[in-house]
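What follows is a short report on a single structure.
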Amino acid sequence: MYLAGYDDHRHTVPTPSGTLSYVEIGTGPAALFVHGVATNAYIWHDLIPLLADTRRCIAIDLPLHGQSPAAPEHPLTVGAFADTLADVCAHLSLDQVDLVGHDTGGAIAQVFAARRPELIRTLTLTNCETQDNIPPAAMAATVEAARAGQLAAAAPDLVADPAAARAIFSTGYQDQRYLTPELVDAFVQPVMGTPAAAARFEELIARLGPDDLLAAEPALRALHVPTLIAWATDDEFFDMKWARWLHDAIPGARDVVEITGGKLFFPHERAAELAPHIRRHWTPPDPA
């Protein structure tokens, strides 16, 4: 599905975090897809069409990302984004969702599930921040620049250089053909395209830390929601050990699915491989 066709399914929802943009495709029980830092709902644009025959798939743009502006007073933290998910559920009258999280969206999903387990029908976690691995070591230089107040200043040069903008995401892809100029622009412009956005993005990166995940850990260890963990084996940000940690920590976790050779953005470029695992996860077990 091309990005233009994907946008034909866009809607907005008012929340205390501001007006959020989301894509909705399909019918059935609701499934809520949560992206990570510096991407947006476009990361799911190859996966959702493969699942829309069985679910009402809702992919949000988190505040500051995609087509969702960030309210000036809205905190840009994992915990605040988890509250945003609760607001989306409330405003869309979603009593339960199949929650799918990727990258920092997986961390947000963990905190949301820990805080509001009654809203979660199933949980799917792909490569993401876990426990105290936030920010991951591979982000150290970016986080250091943000905390030194240097990231926003560098944004205009980065946005003006397509190769530099592309390099932000290239290590997360096996096949660089998936990382089109159109997709890079859709990711980068909302978070760095204006001085105001770049300043807020710098704030978000500078504030990344483990507090919200660590606070959620006791509730995660009591979470019996059916949980699928699908993990790319060659991701430089999130090692396989974190998939195993999640499997051991969450009582509802099933087997870990390994995406051999996959990198961070495998839910995009290997969507056809991931979709059957999610579909099986969403299918209730045969009572017989």
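Might you check whether a residue that is more than 16 Å from ALA275 (Cα to Cα), among the β-branched types (Val, Ile, Thr) and either buried (at least 22 other Cβ atoms within 10 Å of the Cβ) or in contact with an Asp or Glu (Cβ under 7 Å, 6 or more places away or on another chain) (or both) occurs anywhere in region 42-50?
No, there is no match, as no residue in region 42-50 is more than 16 Å from ALA275 (Cα to Cα), among the β-branched types (Val, Ile, Thr) and either buried (at least 22 other Cβ atoms within 10 Å of the Cβ) or in contact with an Asp or Glu (Cβ under 7 Å, 6 or more places away or on another chain) (or both).
Can you spot a residue in region 257-272 that is crowded, with 18+ Cβ neighbours inside 10 Å, in contact (Cβ under 8 Å) with a residue 24 or more places away in the chain and under 15 Å from ALA109 (Cα atoms)?
no
What number goes with the only condition from (1) free of Cβ contacts under 8 Å to residues at least 24 places away in the same chain; (2) under 19 Å from ILE120 (Cβ atoms); (3) assigned to a helix (DSSP H, G or I) that PRO285 does not pass?
The number of the failed condition is (3).
Quick test of your reading of the structure: GLU118 fulfils all but one of (1) more than 19 Å from PRO69 (Cα to Cα); (2) in contact (Cβ under 8 Å) with a residue 60 or more places away in the chain; (3) acidic (Asp, Glu). Name the failing condition by number.
(2)
Just one of the numbered conditions (1) surrounded by fewer than 16 Cβ atoms within 10 Å (Cβ to Cβ); (2) within 17 Å of GLY105 (Cβ to Cβ) is not true of ARG279; which one?
With (1) surrounded by fewer than 16 Cβ atoms within 10 Å (Cβ to Cβ); (2) within 17 Å of GLY105 (Cβ to Cβ) applied to ARG279, the lone miss is (2).
Regarding region 59-77, can at least one residue be identified that is of a type outside the set (Ser, Thr, Tyr), more than 24 Å from ARG207 (Cβ to Cβ) and in contact with an Asp or Glu (Cβ under 6 Å, 6 or more places away or on another chain)?
No - not one qualifying residue is present in region 59-77.
Name the residues in region 243-273 that are of a type in the set (S, T, N, Q) and on the phi > 0 side of the Ramachandran plot, would you? Let's see the steps before the verdict.
Taking region 243-273 as the starting set, the residues that turn out to be of a type in the set (S, T, N, Q) are 260.
Selection gives nothing.
For region 209-250, name all the residues that are acidic (Asp, Glu) and closer than 27 Å to GLU144 by Cα.
Hits for region 209-250 are ASP211, ASP212, GLU217, ASP234, ASP235, GLU236, ASP239.
For ALA113, all conditions in the list (1) modelled with pLDDT of 95 or more; (2) surrounded by fewer than 24 Cβ atoms within 10 Å (Cβ to Cβ); (3) not acidic (Asp, Glu) hold save one; what is the number of the exception?
Single failed check for ALA113: (2).
I need the full set of residues from region 89-121 which are in a helix (DSSP H, G or I) and among the hydroxyl-bearing types (Ser, Thr, Tyr), in order please.
Initial filter on region 89-121 (in a helix (DSSP H, G or I)): 89-91, 104-115, 117-119.
Within region 89-121, THR104 is the sole residue that qualifies.
So, of the residues in region 256-288 that are of a type in the set (D, E, K, R) and touching a strand residue (DSSP E or B) at 6+ places or on another chain (Cβ under 8 Å), which turns out to be nearest to LEU228 (Cα to Cα)? Don't jump to the end; show me each part of the working.
Of region 256-288, the ones of a type in the set (D, E, K, R) are 258, 263, 269-270, 273, 279-280, 286.
Now narrow it down to the ones that are touching a strand residue (DSSP E or B) at 6+ places or on another chain (Cβ under 8 Å): 258, 263, 270, 273.
Details: GLU258: 11, LYS263: 18, ARG270: 17, GLU273: 14 Å.
Among them, the one singled out is GLU258.
Taking the residues in region 10-29 that are surrounded by fewer than 22 Cβ atoms within 10 Å (Cβ to Cβ) and of a type in the set (A, V, I, L, M, F, W, C) as candidates, determine which candidate is nearest to GLU273 (Cα to Cα).
Among those residues, the one meeting the criterion is ILE25.
Looking only at residues that are among the hydrophobic types (A, V, I, L, M, F, W, C) and over 9 Å from SER21 (Cα atoms) in region 62-81, which one is surrounded by the fewest Cβ atoms within 10 Å (Cβ to Cβ)?
The initial filter retains those residues of region 62-81 that are among the hydrophobic types (A, V, I, L, M, F, W, C), namely 62, 64, 70-71, 76, 78, 80-81.
Among the residues that remain, those that are also over 9 Å from SER21 (Cα atoms) are: 64, 70-71, 76, 78, 80-81.
Numbers: LEU64: 24, ALA70: 23, ALA71: 14, LEU76: 21, VAL78: 28, ALA80: 18, PHE81: 28.
For region 62-81, the residue satisfying everything is ALA71.
The values are calculated or read from the model by the stated rules, or taken from the named source; none is laboratory data. Please read these numbers as outputs of a predicted model, since none were measured by experiment. Cβ: placed from backbone, ideal geometry, glycine included. Neighbour counts: every protein chain shown.
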